[in-house]
Structure formats: structure tokens, C-alpha cells
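K.L.:
Take a look at the following structure, please.
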Amino acid sequence: MLKDILLPRKLYSSAEHKMMREMIVQFIESDMLPFQEEWENNQMVPRELWTKAGSLGLLCLDMPEKYGGSGLDFSFSALFIEELGKKGISGPGFFLHSDIVAPYLLKYGTDDQKSKYLPAMASGEIITAIGMTEPNCGSDLQAIKTTAQDCGDHYLVNGQKTFITNGFMCDMVIVAVKTNRNTEDEGVSLLIMDVNAEGFAKGNPLKKIGMKAQDTAELFFDNVKVPKENLLGEEGKGFYIMMSELARERLTVAITAVATAQGAIESTIEYTNERSAFGNSISSFQNTQFKLVECATKLQLHQSFLDSSIEHLMDETLSAEIASMIKFSASDMCGEVVDECLQLFGGYGYMWEYPISRMYVDNRVARIYAGTNEIMKVIVARKMFRK
């Protein structure tokens, strides 16, 4: 068994973590795994899944109780992300909602903004998204073209966003815009936008090679009127806010990658024990054993790095460089491990009914979103070679 050779993880050793894991596993097995195909056909999960997660206290886990959160530390959020990753559940955009949007509001929102949105986010009553990427720019966030014209008591927003997780189902989205265009004060600002505003439109869910059950869409803004009180943080400080929160986003990508690798190895051990060739189980062949030992070693190395990074995030000492390292290294590792595991499934690994095939396509994007792995290396190199 894989657990017999991996180091015990102190991060999730408390009684509270064990209780939480049991509840999460039950939630996944009863409310998620049986509906994967249905969600893939619909290109999104149902709203009822969000409200069920909210009723269980699994949304916004580390948000203060006064805003409807569970008041726990980030390790509980990490545990939830990991259990989803182990089972190849990529449809629900919970982590973006709970671990990206919620911290933006919690750290930079006004009291009115927090009171309006955070309790509804924790309950699953509203679904949120964040609009950064545009058709002309991805990792280069300073190149965005969506504009917000200052009209006194409101902004007038025009532009487009693409590849937006939760984009079709979202009720509220934090949108990165350019304010004071073509002036000395030009900069990136963040606006909280309600999707029912006039001029706000959503494209149909985008068809992707993986993550077929995850709602991903384009957003369009045609003279959308946004009240000034919906400005998140200071005007022109949006790029700073985004950069300060990207470490957590990149860490969540790494958490999913490491968990997916673990799930892939566990399912492959089980499959190779049951499957036989030439009169012997596939697991009895030295090549199978060596390949899986190599995969387990890569997993252990990254699991230890990951746990340390999670602890640094909870201590507010996780640097942009370390977050970039674990993001690109873990997602690269995941791709290697899942590919090796799929090979050991033989032809069945190419069949959609086997979770390993979903893992193979779903996690390819981990090397692209939250900043491409190439950009991650640029971030580290800038600090490493700074004069």
C-alpha cells in the first residue's frame, strides 16, 4: 500500500482533521462521484452542490465565523482540495470561490462589501468568479484592455474576459480593469460586479479537452455601470492586490497536483494488482514495481515541500518565489506521474470510464493557469539573479 511507505503527515493529524476528512470523503462518494458524467454533459455542476457544500461548512473554511465561515485555518481548505484531487473531481470551482475571491474581499473589502457578499459565499447562496485573463493577455496582467471610465459616482466598464472559472454560473465577479486610461494615473483596479447589471453578458460554457464538468466561460462588458462603492481596495492598486494574493492561488494548484498524483498512484496499484498478463498480476512485474516506486518517490518529495509551503502560508511567510516553485514543480511532477500510471493501465487507461483518463486531461491545464510554469520560473529567476 502507498500509505505504508510515505512519511506520516503531521499537517492533518488532529482529531478535527480526521473528522473533516471523513465528512469530505462521504460527501464526494455520495454527491459527486455518481454524477461525473452528467456534469460533463452539462458542462457544469448543479447549484445544489454548492448549497450542500455550504450547509456542510466546506465553503470559505478559513473565513471568520462572523462572516459565515468556519473560522478554521488554511490546512482544512487544503485538506478539502486534496480529497477532491485524489478522486479526480475537477468540476466544482470551490477553491477559486473560497480560496481566491473570499480572501480578496476579506483583506481589501469594505465592511459593507464583506457583509454583503461573504456570508452568502459561505452558504453557497452565491457563486463567485474572478476576471483577469483576456483574449489578448494571460500571464501578463498589466496588458489588460478592459477599461473603467470614471463617471463621477460610478465607473463605465467596457471589455472582455475569457477562461473564467465559474464564469457561466457566477452571481458576482471581481474584474480587473484599467482606470484613468492614457493618463499619468493609469493603473489596474479591481471592481466588484454583479452579473445582473445592464450590459453584462456571459458566453456559453467553453468546450475544453479536460475539466469538462467545470463551468468555464467568457464575460462581456458593454457600458456596464458599476457604482464607485464597488471598488475593491484603492484605485490603481489592483495589480498589487492581485500579486499579493497569487501565492495562495498557486499553492492551491500545487495542492491539487500533488493530490492527483497520489490518487493516480493508488488507483494504479489497485488496478495492477487485479489485472493479469502472461499468467501473473501486472504488479508482479519488475517494470511495474520500479515505475510505481519512482512515482511514489516523486510524490513524497513534493508532498514534503507542499506541507512546508502550506505551513508558511498559514504563518503568512510564503514568498512569491516559493509559491512559484511548488506550483511549477508539482504540476510538472503530476503530469509525469499520471502519464506513467496511465501507461500501466494499457488500453483501459485511454477509456473515459477510468478515472486515470480524466486525471490525464484534467491536470494538463495546471501547467498553464494561475500563471504558466514558464512565468513561474521567470519570477524565481528575477529574485535569484537580482543585482
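Here, each number is a calculation from the coordinates, and none is a lab measurement. Bear in mind the structure is a predicted one, so any value in this text is a computation, not a measurement. Cβ coordinates were reconstructed from backbone atoms using ideal geometry, including for glycine residues, and neighbour counts include every protein chain displayed.
K.L.:
Anyone know which of 156, 299, 342 comes out most mobile in the 10 Å Cα GNM of the chain?
P.N.:
Of 156, 299, 342, the most mobile in the Gaussian network model is 156.
K.L.:
Could you tally the net charge around residue 249, taking each other residue with its Cβ under 10 Å from the Cβ of residue 249, Lys/Arg +1 and Asp/Glu -1?
P.N.:
Value of the local net charge: +1.
K.L.:
What is the helix-to-structure angle for 286-314, meaning the angle in degrees between its Cα long axis and the longest Cα principal axis of the chain, kept from 0 to 90 and rounded to the nearest 10?
P.N.:
The angle comes out at about 30 degrees.
K.L.:
I would also like to ask the following. Please work out the Cα center distance from region 63-135 to region 210-241, rounded to the nearest Å.
P.N.:
Between the Cα centres of region 63-135 and region 210-241 lies a distance of 15 Å.
K.L.:
Here is a follow-up. Please identify every one of the chymotrypsin sites (Phe, Trp or Tyr not before Pro) in region 259-327 that sits in a loop by DSSP and has no more than 11 other beta carbons within 10 Å of its own beta carbon.
P.N.:
Of the chymotrypsin sites (Phe, Trp or Tyr not before Pro), the ones in loops of region 259-327 whose Cβ has at most 11 other Cβ atoms within 10 Å are 278.
K.L.:
While we're here: What are the principal axis extents of the Cα atoms in the chain, in Å, biggest first?
P.N.:
Principal extents (Cα only, largest first): 78, 53, 40 Å.
K.L.:
Still on this structure, please answer the following. Please list 116-123, 65-72 highest first by mean number of surrounding beta-carbon atoms within 10 Å per residue.
P.N.:
Listed from highest to lowest mean packing, they are 116-123, 65-72.
K.L.:
Related question: How about region 310-352: which chymotrypsin sites (Phe, Trp or Tyr not before Pro) there lie in a loop by DSSP and see at most 12 other Cβ atoms within 10 Å?
P.N.:
352
K.L.:
A further question follows. Excluding residues on the same chain fewer than 8 positions from residue 237, give the lysines whose Cα lies under 21 Å from its Cα.
P.N.:
In chain and number order, the partners are 107, 114, 145, 161, 178, 225, 228.
K.L.:
Please list, ordered by chain and number, the residues whose modelled amide H lies under 5 Å from the amide H of residue 219; skip anything fewer than 5 residues away on the same chain.
P.N.:
Answer set, sorted by chain and number: 161, 162, 203.
K.L.:
Show me 26-34, 75-83 ranked by packing, highest mean number of other Cβ atoms within 10 Å first.
P.N.:
Packing proxy ranking, top to bottom: 75-83, 26-34.
K.L.:
Still on this model: Can you pull out the chymotrypsin sites (Phe, Trp or Tyr not before Pro) in region 145-253 that DSSP calls coil and that have at most 15 other Cβ atoms within 10 Å?
P.N.:
Answer by residue number: there is no such site.
K.L.:
Helix 373-384: angle to the longest alpha-carbon principal axis of the chain, degrees 0 to 90, nearest 10?
P.N.:
The angle comes out near 80 degrees.
K.L.:
Looking at the chain only, what percent of DSSP beta bridges run antiparallel? Nearest 5 please.
P.N.:
85 percent
K.L.:
Amide H to amide H, which residues 5 or more places from residue 129 or on other chains are under 5 Å from it, using H placed in the peptide plane?
P.N.:
Under 5 Å from the amide H of residue 129: 172, 173, 174.
K.L.:
Now, a different point. Within the set of other residues whose C-beta is less than 12 Å from the C-beta of residue 151, count the net charge using Lys and Arg as +1 and Asp and Glu as -1.
P.N.:
Once all neighbours under 12 Å are counted, the net charge is 0.
K.L.:
List every residue whose amide H lies under 5 Å from the amide H of residue 318, counting only residues 5 or more places away in sequence or on a different chain, with H placed 1.01 Å from N in the peptide plane.
P.N.:
Here 313 satisfy the definition.
K.L.:
Output the 0 to 90 degree angle, nearest 10, between the alpha-carbon long axis of helix 111-123 and the longest principal axis computed from the alpha carbons of the chain.
P.N.:
30 degrees
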